[in-house]
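Asks: Structure in structure tokens, see below.
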Amino acid sequence: MSAQKIDGTALAASIRSEISTRASRFSDRMGRPPGLTVVVVGNNPASAVYVRNKVKACEAAGFHSELIALPQECSEAELLSVVDRLNADPAIDGILVQLPLPDQIDDQRVIEAISAEKDVDGFHIENAGALMTGAPVFRPCTPYGVMKMLEHMGASLRGAEAVVVGASNIVGKPMAMLLLRAGATVTLCNSKTRDLGAHTRRADILIAAVGRPQMITAEMVKPGAIVIDVGINRLADGRLVGDVDTDGVAQVAAAVSPVPGGVGPMTIAMLLVNTMESAERKLR
């Protein structure tokens, strides 16, 4: 069999078109566009690519988009001062501090300094707690994007076996919470999981978010499964690949998301959704 390609680029374009319409309505009523500020510290090449794509997407959707680039040697106090200013700015609806941060800065302290009402990444402890209790304000963008992909495919989640490989606060844990909320039976694996294949071969829905190039192979996948590849890794020859051996897995799975062109565009689309929802709360 040859798996269906889950086209995140096309779905993201549809979502972004809807957000553009909502942004125009918001601007007409409020006299200003929705506003998102992205703060980046240092010169991490991967972060630079993500930031450029986020800023472009905001501008294309009719948002006010601001990029604040701080030097690698920026102190934690300087970064927190920038966050405080953005918290107080009524024209900014969303604040995103690009991770990872340099070693001299405590990531979690910065995340907690962002106003929970403007935390469009969904990482603040208040938003993480709301997700845990089943009443999320902001869903973290990547897991939210994955759920939209599954919804778009018409995947039946209630009672399904879902396995998430990777237990980070950014993807794995919130992904598991969203799947649980949808009625799936969820197994959350990590780098120390024994006999990983024994778990992944049970999965009707398999989500790989561990950051290891092509570690999920065809032998680890249940025939007919839906496989979502969250990973993005650059090989020595310059190629971008995910955490899934896409060519091999496509011979077993019913559907698989590509890298690039799968989850990545959806993450940015859901950032726009979260920012739009933050802005629209002011209308209510």
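The values are calculated or read from the model by the stated rules, or taken from the named source; none is laboratory data. Model, not experiment: these values are computed from the prediction. Methodologically, a virtual Cβ is constructed for each residue, glycine included, from the backbone with ideal geometry; neighbour enumeration extends over all protein chains shown.
Asks: Right, ALA88: out of contact with any Pro (no Cβ under 7 Å at 6 or more places or on another chain), surrounded by fewer than 18 Cβ atoms within 10 Å (Cβ to Cβ) and of a type outside the set (Val, Ile, Thr) or not?
Replies: Working: out of contact with any Pro (no Cβ under 7 Å at 6 or more places or on another chain): yes; surrounded by fewer than 18 Cβ atoms within 10 Å (Cβ to Cβ): yes; of a type outside the set (Val, Ile, Thr): yes.
Yes.
Asks: For region 261-269, state whether one or more residues are over 30 Å from SER115 (Cβ atoms) and either modelled with pLDDT of 95 or more or over 13 Å from the mean Cα position of the chain (by Cα) (or both).
Replies: Yes; the residues of region 261-269 include at least one that is over 30 Å from SER115 (Cβ atoms) and either modelled with pLDDT of 95 or more or over 13 Å from the mean Cα position of the chain (by Cα) (or both).
Asks: Same structure again: Condition check: charged (D, E, K, R), modelled with pLDDT of 95 or more and part of a loop (DSSP other than H, G, I, E, B). Does LYS222 satisfy that? Before you say what the answer is, go through the steps one by one.
Replies: Working: charged (D, E, K, R): yes; modelled with pLDDT of 95 or more: yes; part of a loop (DSSP other than H, G, I, E, B): yes.
In short, yes.
Asks: I need the full set of residues from region 80-98 which are in contact with a helix residue (DSSP H, G or I) (Cβ under 6 Å, 6 or more places away or on another chain) and either at pLDDT 95 or above or farther than 18 Å from ASN274 by Cα (or both), in order please.
Replies: Pass one, region 80-98, residues in contact with a helix residue (DSSP H, G or I) (Cβ under 6 Å, 6 or more places away or on another chain): 80, 83, 92-95, 97-98.
Selection gives LEU80, VAL83, ILE92, ASP93, GLY94, ILE95, VAL97.
Asks: So in region 99-148, with the set limited to residues that are touching a Phe, Trp or Tyr at 6+ places or on another chain (Cβ under 7 Å) and closer than 16 Å to LEU80 by Cβ, which one is surrounded by the most Cβ atoms within 10 Å (Cβ to Cβ)?
Replies: Residue satisfying both the conditions and the ranking: ASP119.
Asks: May I pose another question? For region 253-276, give me the residue count where each residue is touching a helix residue (DSSP H, G or I) at 6+ places or on another chain (Cβ under 7 Å), among the β-branched types (Val, Ile, Thr) and more than 25 Å from GLU219 (Cβ to Cβ).
Replies: Total satisfying the criteria: 3.
Asks: Mind checking which pairs have a first residue in region 1-29 that is surrounded by fewer than 16 Cβ atoms within 10 Å (Cβ to Cβ) and a second that is aliphatic (A, V, I, L, M) and at pLDDT below 95, Cβ under 7 Å, 6 or more apart or different chains?
Replies: ARG29/LEU283
Asks: Out of the residues in region 187-221 that are among the small types (Gly, Ala, Ser) and within 20 Å of the chain's Cα centre (by Cα), which is surrounded by the fewest Cβ atoms within 10 Å (Cβ to Cβ)? Walk me through it before giving the result.
Replies: In the first step, residues of region 187-221 are kept if they are among the small types (Gly, Ala, Ser); the result is 191, 197-198, 203, 208-209, 211, 218.
Pick out the ones that are also within 20 Å of the chain's Cα centre (by Cα) and you get 208-209, 211.
On the way: ALA208: 29, ALA209: 23, GLY211: 16.
Taking the candidates together, the pick is GLY211.
Asks: Hey, another quick one. For SER27, state whether it is out of contact with any Pro (no Cβ under 8 Å at 6 or more places or on another chain), over 16 Å from ASN274 (Cα atoms) and of a type in the set (Gly, Ala, Ser). Don't jump to the end; show me each part of the working.
Replies: Details: out of contact with any Pro (no Cβ under 8 Å at 6 or more places or on another chain): no; over 16 Å from ASN274 (Cα atoms): yes; of a type in the set (Gly, Ala, Ser): yes.
Taking the combined requirement at face value, the residue does not satisfy it.
Asks: Working carefully through the options VAL171, VAL163, find the one that is under 21 Å from MET270 (Cβ atoms) and in contact with a Ser or Thr (Cβ under 7 Å, 6 or more places away or on another chain). Steps first, answer last, please.
Replies: Working: VAL163 fails: under 21 Å from MET270 (Cβ atoms).
Matching residue, one of VAL171, VAL163: VAL171.
Asks: Further question on the same structure: Taking the condition of being in a helix (DSSP H, G or I), under 23 Å from ASP93 (Cβ atoms) and either in contact (Cβ under 8 Å) with a residue 60 or more places away in the chain or not assigned by TED's automatic domain parsing to the domain that holds GLY242 (or both), how many residues in region 144-173 meet it? Working first, answer last.
Replies: Keep residues of region 144-173 that are in a helix (DSSP H, G or I), which gives 144-153, 172-173.
Restricting the remaining residues to those that are under 23 Å from ASP93 (Cβ atoms) gives 144-145, 147-148.
Right, trim to either in contact (Cβ under 8 Å) with a residue 60 or more places away in the chain or not assigned by TED's automatic domain parsing to the domain that holds GLY242 (or both) and you get 144-145, 148.
Residues in region 144-173 being in a helix (DSSP H, G or I), under 23 Å from ASP93 (Cβ atoms) and either in contact (Cβ under 8 Å) with a residue 60 or more places away in the chain or not assigned by TED's automatic domain parsing to the domain that holds GLY242 (or both): 3 in total.
Asks: Additional query: Identify the single condition in (1) more than 22 Å from GLY211 (Cβ to Cβ); (2) over 17 Å from the mean Cα position of the chain (by Cα); (3) not small (Gly, Ala, Ser) that ASP103 does not satisfy, given that it satisfies every other one.
Replies: So the condition that ASP103 fails would be (1).
Asks: Before we move on, is GLY122 modelled with pLDDT of 95 or more and part of a helix (DSSP H, G or I)? Can you show your working first?
Replies: Numbers: modelled with pLDDT of 95 or more: yes; part of a helix (DSSP H, G or I): no.
Judged against the criteria, GLY122 is not a match.
Asks: Considering only residues that are within 14 Å of the chain's Cα centre (by Cα) and over 12 Å from GLY145 (Cα atoms), look in region 230-258 and name the one that is surrounded by the most Cβ atoms within 10 Å (Cβ to Cβ). Step through it out loud before you land on a result.
Replies: Let us first name the residues in region 230-258 that are within 14 Å of the chain's Cα centre (by Cα), namely 230-232.
Now restrict to residues that are over 12 Å from GLY145 (Cα atoms): 231-232.
Values: GLY231: 23, ILE232: 19.
Ranking the qualifying residues of region 230-258, first place goes to GLY231.
Asks: Quick one: which residue in VAL49, VAL39 is crowded, with 19+ Cβ neighbours inside 10 Å and either on the phi < 0 side of the Ramachandran plot or touching a helix residue (DSSP H, G or I) at 6+ places or on another chain (Cβ under 6 Å) (or both)? Explain how you work it out, then say what you get.
Replies: Values: VAL49 fails: crowded, with 19+ Cβ neighbours inside 10 Å.
Unique residue meeting the criteria: VAL39.
Asks: Just checking, which of ALA116, ALA77, ALA162 is farther than 21 Å from THR275 by Cα, modelled with pLDDT of 95 or more and within 21 Å of the chain's Cα centre (by Cα)?
Replies: Working: ALA116 fails: farther than 21 Å from THR275 by Cα; ALA77 fails: within 21 Å of the chain's Cα centre (by Cα).
Step by step, each of ALA116, ALA77, ALA162 is checked, and only ALA162 is farther than 21 Å from THR275 by Cα, modelled with pLDDT of 95 or more and within 21 Å of the chain's Cα centre (by Cα).
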